[in-house]
Amino acid sequence: MAATKDKKEKRVACLYRVSTKGQVDKNDIPLQKNTCREFIANQPNWRLVKEYYEKGVSGYRLSADERDVLQQVKEDALNGLFDVLLVFMFDRLGRRDDETPFIVEWFVKQGIEVWSTQEGQQRFDDHIDKLMNYLRFWQSSGESYKTSVRVDNSHQQMVKRGLYRGGSPPYGYKLINSGIVNKKGKELKTLAIDEEQSKVIHTIFNLVLTKGYGANRITKYLNKHNIPAKNGGKWNTGSVNYILRNPIYKGYISYGKNRLDGDSVKRTKKEDWILSEKPIEELIIIPEEQWDMVQNIRAKRDNNKGKNTIPNTKSPLLLTGYAYCGHCGSPLTTTYNYRKWTNVDGTERVKIIAKYRCSGKALNKTDCDGQTIYAQKKVEDSFHKTLKFFINNLQQIDFEEEIIKRKQELDQGNVKTLKKLQKQNEENYQELSALNAEVAKSIMGKSSFKPELLSQLIEQKEEEIQNINKQIQNLEKKIHDTNQHINSLKKLREFIPVWWDIYNKLTVEEKKMMLSYMLDRVNISRDGIEIKFDVWIGQLLNKIGVYPQIKGESA
């Protein structure tokens, strides 16, 4: 393509751009450079004076103002350093249909000729030129968006099939050769459990499950015990939080946990994550049930700030978080008495005694006719005596009948209904697809549907799909909850005979977490102690004829 017959020498600047690091590695810039130089060599009056390089810069995601190299090109144009700006293709200048056409026009208005080795010179002599310029970049923007969608869909499909997408392995894993060779003859890597690091993962999850630790206390624990982080340095709460919410540890590869929001990265809701369709057995470090329990503990802590739904494992008192005044209903908090004395040898000693305190009465928030202070030993001895009586009675119960009943409920009702709804929506999606296919025909007058009627039918079908999806979600939750109850019953059946022996061997922190799966609240008063169980266990015990609320002797 001939550039010009003008014999005046023209100084040429070239701009080379690649949008990803992968394109840099694949030598895309040398390809652009060689093509541009050959193009200049075929123009007898052109002379290359400067070359600009943009490496790993997206012309779609970044605006012109955010591209430092492009700003330098514009500044040099204003200073008259070149007469022609040459690119491999015009999309090297950008892929944004609302911006790039005007960048090209800006250079032309400064007296700079804008050329592409593949598309020739971009002119603005009339309205047709302007329209063609806009259409070219509108198409380029669309292609970039479609590429982005294709890449995103490709990653989603890989994850659903349980394939590793590459990158640095998460803590607890290492990369090994997969034995699979790609089209370029390169052997692909896959994930495998790192035995030493996996022990740390178990420690992190167990500190939540058994001691109720949050990310801050776990971080302190790991650093105190000189356990190195992934980079060999100290741990931070961000790294611990990332581990605790990553489903890879229960064997599920995930995608889309974070999203780009402007200049910052934000966490995506769990329900919007893309997970592999089934767990990958060889990647499981934490059993799924334990992983889910940790998420429930953390969710309660996040969603119920100010409420005592998670035990305070920092307090030496067993029942903080569950203990309430039986007279006014205020939470019982931890207070301390300090006793000082001097030994015969002159040394001073201090004994710190923790006690339960009615927060309402102590702070004059309520008209409470109960005690302000309750002794730890008296309260907890009464609680244990009452709880042991209850546990012993549970050993006499046969849970098998309730387990069978719940299973029948799943098989005969919920599961069948779910399959029916899922099939119904499959048909709805097919109908919606057929209606959408009629849109273009309707606009061109080749469809039996008028555009107004077609729009109404599509809207109705989408609403129907949305309503059924809500029913499916509610039913899936009901099935999930029922399965959890069945599992809980099985655990009760298994652990009740040994529950008390296990409980007595635990630390105070561990006892609190064990009780957290059973208790709702404990009312403490002069008249006695009243234990109320958590909703799930209360419902189960009601169904099998056990009163889920028991009273003990005076505290």
With the requirement that a residue be assigned to a helix (DSSP H, G or I), at pLDDT 90 or above and not polar (S, T, N, Q), what does region 209-236 give you?
Ala215, Arg217, Ile218, Lys220, Tyr221, Leu222, Lys224
Suppose we filter region 67-95 for residues that are outside any helix (DSSP H, G or I) and touching a residue at least 60 places away in the same chain (Cβ under 8 Å); how many remain?
8
Pick out the one residue from Lys365, Lys361, Lys378, Lys388 that is crowded, with 19+ Cβ neighbours inside 10 Å, on the phi < 0 side of the Ramachandran plot and not small (Gly, Ala, Ser).
Lys361
Which residue is surrounded by the most Cβ atoms within 10 Å (Cβ to Cβ), if the candidates are limited to region 272-288 and must be part of a helix (DSSP H, G or I) and at pLDDT 70 or above?
Leu283
With respect to the numbered conditions (1) touching a residue at least 60 places away in the same chain (Cβ under 8 Å); (2) over 31 Å from the mean Cα position of the chain (by Cα); (3) more than 30 Å from Leu207 (Cβ to Cβ), which one is the sole condition not fulfilled by Trp500?
(3)
Name the single residue, out of those in region 22-77 being over 24 Å from Lys10 (Cβ atoms) and of a type in the set (Lys, Arg), that is modelled with the lowest pLDDT.
Lys26
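The values are calculated or read from the model by the stated rules, or taken from the named source; none is laboratory data. These numbers come from a predicted model, not from an experiment. Note: ideal-geometry Cβ built from the backbone for every residue, glycine included; neighbour counts use all protein chains shown.
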